[in-house]
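Enquirer: I have a structure here, written as structure tokens, and I will follow up with some questions on it.
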Amino acid sequence: MSKKIIKAQVTGKHQNRTALGMMTAFVAMHPSVNTSTLKEMFTTKDVCPDAGIGQLFYSKSEIEQEQANGNEWFINDNACFTKDGEWLTLGNGRKLAFNKVWTAKSLEKLQTALVDYGITGEVGTVDKSATAGFEICFESVEVQVTGKFQNRTALGMMAAYVALNPSLTAEELNEQFPMKEICPDAGVEKLFFSEDEIDELIASGNEWFINGNACFDKDGEWLELGDGQKVAFNKVWTAKSLEKLQTALAEHGITGEVGSVDKSAVAGYVIDFDNSTQTIVF
């Protein structure tokens, strides 16, 4: 069972090394992120307006093109981190050079942008072996869910996912876990419903919802988001659909299986969170 990194504390010996460490942590926590998404999420205008370059991320070919164009900022290696150990390595193996110029004001903007992802950073003393000038303390978790039935296992796994990602909305959950891809035999149009939507469907005479067959909506069964909103989760899970959900959540450090649970488990599942920390010097 793989662990999911949920928090990262970065210490860099300078402002720019702290920024590099924080972005290294972000990439490690989001291995599926690609170059275009990074450029869209972290623009020079919003995050580092005093960078002096057009973007914060450059591929090797883009660096070479800037050098070929006679851009001295790149020729003299002042624009980006390009030495061994400094490149950002994405999950697909692609390497990116990260902007090198970070004032205190820009670093503060980056800190604000990354705090929602569980990443914090500060300038401080790092180990002398840190060739890239920073170290990261990662907090990881692996989650094991046991449910007494297939659908209770699915509910427990999603409860764990929501607990690890408290800023998610019902809309984002439906985008991340589309019914057609995860649970095509659900019998409902989507997997997550707000309290108001449940009330409207009941008021409209939808017997599937009136009889409580569509979603988990009893006390203790609702998914509770970080903002206090309650979400009802799809109730129908075949073995095939549960397998799809297990595959989708495995990369988040969450696994689940059907088994015996304590009688006190009113929602029909138990969750075992196993947290650990590891400091890595870069």
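Enquirer: Taking the stretch 142-162, which residues are of a type in the set (Gly, Ala, Ser) and open to solvent by 10 Å² or more (accessible area, probe 1.4 Å)?
Expert: Here is the first cut: in the stretch 142-162, the residues of a type in the set (Gly, Ala, Ser) are 147, 154, 156, 159-160.
Answer for the stretch 142-162, where residues must be of a type in the set (Gly, Ala, Ser) and open to solvent by 10 Å² or more (accessible area, probe 1.4 Å): just Ala159.
Enquirer: Same structure, new question: Taking the stretch 194-213 as the region of interest, how many residues are surrounded by fewer than 16 Cβ atoms within 10 Å (Cβ to Cβ) and either of a type in the set (Ser, Thr, Tyr) or not in a helix (DSSP H, G or I) (or both)?
Expert: So the first thing to find is which residues in the stretch 194-213 are surrounded by fewer than 16 Cβ atoms within 10 Å (Cβ to Cβ), and the list is 195-196, 199-200, 203-208, 210-213.
Still in the running and either of a type in the set (Ser, Thr, Tyr) or not in a helix (DSSP H, G or I) (or both): 204-206, 211-213.
Of the residues in the stretch 194-213, 6 are surrounded by fewer than 16 Cβ atoms within 10 Å (Cβ to Cβ) and either of a type in the set (Ser, Thr, Tyr) or not in a helix (DSSP H, G or I) (or both).
Enquirer: Right, another one. Which pairs turn up if I take residues in the stretch 188-199 that are under 12 Å from Trp222 (Cα atoms) and among the hydroxyl-bearing types (Ser, Thr, Tyr) and look for partners that are open to solvent by less than 10 Å² (accessible area, probe 1.4 Å) and modelled with pLDDT of 95 or more with beta carbon separation below 8 Å, at least 6 apart in sequence or on another chain?
Expert: Close Cβ pairs satisfying both conditions: Ser194/Val231; Ser194/Ala232.
Enquirer: Out of (1) farther than 16 Å from Leu245 by Cα; (2) of a type outside the set (Gly, Ala, Ser); (3) at pLDDT 95 or above; (4) touching a helix residue (DSSP H, G or I) at 6+ places or on another chain (Cβ under 7 Å), what's the single condition that is false for Asp196?
Expert: With respect to (1) farther than 16 Å from Leu245 by Cα; (2) of a type outside the set (Gly, Ala, Ser); (3) at pLDDT 95 or above; (4) touching a helix residue (DSSP H, G or I) at 6+ places or on another chain (Cβ under 7 Å), Asp196 is out only on (4).
Enquirer: For Gly220, work out the one condition from (1) on the phi < 0 side of the Ramachandran plot; (2) surrounded by fewer than 18 Cβ atoms within 10 Å (Cβ to Cβ); (3) not in a helix (DSSP H, G or I) it doesn't fulfil.
Expert: Among (1) on the phi < 0 side of the Ramachandran plot; (2) surrounded by fewer than 18 Cβ atoms within 10 Å (Cβ to Cβ); (3) not in a helix (DSSP H, G or I), Gly220 violates only (1).
Enquirer: Return only the number of the condition from (1) among the charged types (D, E, K, R); (2) in contact (Cβ under 8 Å) with a residue 40 or more places away in the chain; (3) exposed (fewer than 14 other Cβ atoms within 10 Å of the Cβ) that Lys235 does not satisfy.
Expert: Looking at each condition in turn, Lys235 falls short on (3).
Enquirer: Please determine whether any residue of the stretch 132-150 is part of a loop (DSSP other than H, G, I, E, B) and over 30 Å from Ala267 (Cα atoms). Can you show your working first?
Expert: Filtering the stretch 132-150 down to residues part of a loop (DSSP other than H, G, I, E, B) leaves 132-133, 148-149.
Next, only the ones that are over 30 Å from Ala267 (Cα atoms) stay: 132-133.
The answer is yes; a qualifying residue exists.
Enquirer: Further question: Out of all the residues in the stretch 47-64, which are touching a Lys or Arg at 6+ places or on another chain (Cβ under 7 Å) and either part of a helix (DSSP H, G or I) or open to solvent by 60 Å² or more (accessible area, probe 1.4 Å) (or both)?
Expert: Val47, Lys60, listed by residue number.
Enquirer: Say we look at the stretch 228-246 and pick out the residues that are part of a loop (DSSP other than H, G, I, E, B) and under 21 Å from the mean Cα position of the chain (by Cα); which of these is farthest from Pro178 (Cα to Cα)?
Expert: Pass one, the stretch 228-246, residues part of a loop (DSSP other than H, G, I, E, B): 228-229, 235-238.
Going one step further and asking which of them are under 21 Å from the mean Cα position of the chain (by Cα), we end up with 228-229.
Numbers: Gly228: 23, Gln229: 20 Å.
Result: Gly228.
Enquirer: Continuing with the same structure: Only one residue in Lys39, Lys95, Lys100 is closer than 19 Å to Met22 by Cα, surrounded by fewer than 17 Cβ atoms within 10 Å (Cβ to Cβ), basic (Lys, Arg) and in contact (Cβ under 8 Å) with a residue 24 or more places away in the chain, so which one is that?
Expert: Details: Lys39 fails: in contact (Cβ under 8 Å) with a residue 24 or more places away in the chain; Lys100 fails: surrounded by fewer than 17 Cβ atoms within 10 Å (Cβ to Cβ).
On inspection, the qualifying residue turns out to be Lys95.
Enquirer: Taking Glu86, is it modelled with pLDDT of 95 or more and not in a loop (DSSP other than H, G, I, E, B)?
Expert: Working: modelled with pLDDT of 95 or more: yes; not in a loop (DSSP other than H, G, I, E, B): no.
No.
Enquirer: Against the conditions (1) closer than 30 Å to Leu164 by Cβ; (2) open to solvent by 40 Å² or more (accessible area, probe 1.4 Å); (3) modelled with pLDDT under 95, where does Val33 fall short? Just the number, please.
Expert: All conditions are met except number (2).
The values are calculated or read from the model by the stated rules, or taken from the named source; none is laboratory data. Just so it is clear, the structure is predicted and the values come from calculations on it, not from any experiment. Reconstructed Cβ throughout: ideal geometry from the backbone, glycine too, with neighbour counts over all protein chains shown. Only protein heavy atoms, including side chains, enter the accessible area calculation; ligands, DNA and RNA are left aside. Shrake-Rupley method; radii C 1.70, N 1.55, O 1.52, S 1.80 Å.
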